[in-house]
Amino acid sequence: MRARLTRLLGRLSLAGRITTLIVVVMTFGLALAGVGTLSIIRDAQVAEVDQELDQAMRAFTSEEITRSDSPEQCDLAQRMPNTYYLGVADASGTVLCDNKLPGPSNPDLSNLSLGTVAEQDRAFTLVSIDEQTRWRTIVAPSTVSGTGELLVSIVAVDMSSGESTTTTFTLVFVGFSLLAVVLGAALTRILAVSTLRGLRKTAAEAQRFADGDYDTRLTGEHPRTEVGSLQLSLNTMLDRIEAAIEQRDESVARMRQFVGDASHELRTPLVAVRGYAELYRMGAISNPDDVKNAMERIEGEAKRMARLVEDLLQLARLDERRPLDLQPLDLVPLVNDAASDTRVGAPDRRVTVVPIDADAHGPVAGAVDRGAPQTGVFTPPPLTPPAVVLGDEHALRQLLSNLIGNATRYTPEGTPIELGVGVSTLRHEAVVLVIDHGEGIPAELRERVFQRFFRADSSRARDTGGTGLGLAIVRGIVRAHSGRLDVVDTPGGGATFRIAVPLADAAAVMQLSERLRPDGTLTSTGSNPQGLGRSHG
């Protein structure tokens, strides 16, 4: 039964459920009020009748009862209103005399006797002989004048009048109750529909969003109402869903472009390797010098594919956000090592490591501050905190290698390169600059240079052997260290890549200091700029 009722209510709308609930509550309340009121009225009527019967009995028994000529008859000297039934019965219950003509509507006194008088000390109810009428009855002992014979005096009153009043009240109450329930149900339905109009509108707009209209937002209700609060919550959820959908679409588009670019990058060396192999198999390459040249080309393309696969693998690991081996690191030795490696690999370049005042260099953020004037390398203050960060040494070394390799690849031979390192005490960050003096990067391309497989000059990148993944790897490493990366113009021409990584806490600095040599050559603390030119193994 309960399950069926639940299924039945489950098919109704919210307005229908509210209306049904109100109707049930009103019906129960009115029924309870009617039953209680009717019970109180009935008890009051019976109490009033009993009081009148008691007074009538005292008046009836105050007069003497005399026997008539017949021994089974008696005379009633008392004369009372005809609304009362007055009678006298002997000890066995046989009625000797009464004030009513014999008829089926008279009370049934067959069970009355002196024993009844002893048992009933208050009024009680009897039915008529035809069982159609109820009589309220009271009995009392009496004696025959002169003989002292014990008799039973009976006084009864017809309850039809009171019951008729009760029936009329019941009918009137039921009629008005039904009218109240019907009007209450109609009014509740109207109010529920009007109140839930905002909720239905919210559901309709949410359905529009579900159908693909992602610009839909929920409005129209005051934020302090329940529906308004729901709309605010749903709008927040819809914003997040829309952002997630856009991010998903963007990710899918990037993935497709990534797969297409990777296929294109791998296809070119594979075609070259396959072509030289087929030429050799067909006998077109038989001269030892030609065979040597073909093998060198195959080896070069194989190295290029291996480098591309390694870059793709590292990007995949960065995308998976695998935990890095974070240790306290001083960036100054890492920058010095990168400078030394560059001098060995490109002896025609003049590579210098310079200190900078990071706080005077403008904000280092994820986006370039176009409004701030770009200045050159500043002299550091007399005393700077150490540029110690929590980082993965291998990843940070690769970051510097990629940025320096990008600078050497896209600048003319012999162009100097500066590496700047400093600390921003205001932002609590270590800042590294890779500064070149080449052609620079146009403003409209500065956000795109960190995309995968992006090349500002694809033909030149092809000749220099770039894969278009170096700066994408740099951005992934910076993000993995909770840092920030951007590129700005170098004063006088060129591009400056700026990396900012949060400084390590004091405990990490103390942990690193335990590994330093007593002369302190591994720390960036102090104003001696010559310390920036040192390296360690």
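Readers should treat all values here as calculations from the given coordinates under stated rules, not as data from a laboratory. Please read all numbers here as calculations on a predicted model, not as lab measurements. Ideal geometry is used to build each Cβ from the backbone, glycine not excepted, and the neighbour counts take in all protein chains shown.
Convert each backbone phi in segment 162-172 into a coupling constant with the Karplus relation 6.51 cos²θ - 1.76 cosθ + 1.60 (shift: θ = phi - 60°), then list the ³J(HN,Hα) values in order as whole Hz, x for Gly and Pro.
Each residue's phi maps through the Karplus curve to give x, 5, 5, 4, 5, 4, 4, 4, 4, 5, 4 Hz.
Scan around Gly391 for amide H atoms under 5 Å from its own, H built in the peptide plane at 1.01 Å from N, and keep only partners 5 or more places away or cross-chain.
Amide H neighbours of Gly391: Gln327, Leu329.
What's the whole-number percent of alpha carbon pairs in segment 391-459 lying beyond 14 angstrom?
70
Place +1 on the Cβ of every Lys and Arg and -1 on the Cβ of every Asp and Glu in segment 247-287, take the dipole about the Cα centre, and give the residue among Tyr280, Gly260, Leu270 whose Cα lies farthest towards its positive end.
Of the listed residues, the answer is Tyr280.
For a quick check: sort Ser424, Ser164, Ser113 by the number of other beta carbons within 10 angstrom, fewest at the front. Please report the intermediate quantities before stating the final value.
Details: Ser424 22, Ser164 10, Ser113 18.
Ordered by Cβ neighbours within 10 Å, fewest first: Ser164, Ser113, Ser424.
Given H placed on each backbone N at 1.01 Å, which residues far from Cys97 in sequence or on other chains put an amide H within less than 5 Å of it?
Val88
Output wanted: per-residue J couplings in Hz (rounded whole) for segment 336-343, from phi through Karplus 6.51 cos²θ - 1.76 cosθ + 1.60, θ = phi - 60°, x for Gly and Pro.
Along segment 336-343, the couplings run 4, 4, 4, 5, 4, 4, 5, 4 Hz.
At a 10 Å Cβ-Cβ cut-off, how would you order Lys292, Lys201, fewest neighbours first? All intermediate terms of the calculation are to be shown ahead of the outcome.
Details: Lys292 11, Lys201 16.
Going from least to most buried by this count: Lys292, Lys201.
Express in whole angstrom the spacing between the alpha-carbon centres of segment 187-211 and segment 279-314.
Cα centroid to Cα centroid, the span is 70 Å.
Expected output is a single nm value to one decimal: the length gained when fully extending between Glu246 and Gln511, i.e. 0.36 nm times separation in residues minus the C-alpha distance. What is it?
Values: separation 265, 0.36 × 265 = 95.40 nm, distance 4.42 nm.
Taking 0.36 nm per residue and subtracting the Cα distance, the gain is 91.0 nm.
Which GluC sites (Glu not before Pro) from segment 112-212 combine a DSSP loop assignment with at most 11 other Cβ atoms within 10 Å?
Details: sites: Glu119, Glu131, Glu149, Glu163, Glu205; in loops: Glu131, Glu149.
Sparse-neighbourhood loop GluC sites (Glu not before Pro): Glu131.
How would you rank Tyr84, Tyr214, going from fewest to most other Cβ atoms within 10 Å of each one's own Cβ?
Working: Tyr84 20, Tyr214 16.
Going from least to most buried by this count: Tyr214, Tyr84.
Please give the Cα centre distance for segment 223-271 versus segment 117-169, rounded to the nearest Å.
Segment 223-271 and segment 117-169 have Cα centres separated by 92 Å.
Using the per-residue mean of other Cβ atoms lying within 10 Å as a proxy for protection, in what order, highest first, do the peptides 399-410, 301-312 fall? Please list the in-between numbers first.
Details: 399-410: 21.6, 301-312: 15.8.
So the peptides 399-410, 301-312, ranked by packing, come out 399-410, 301-312.
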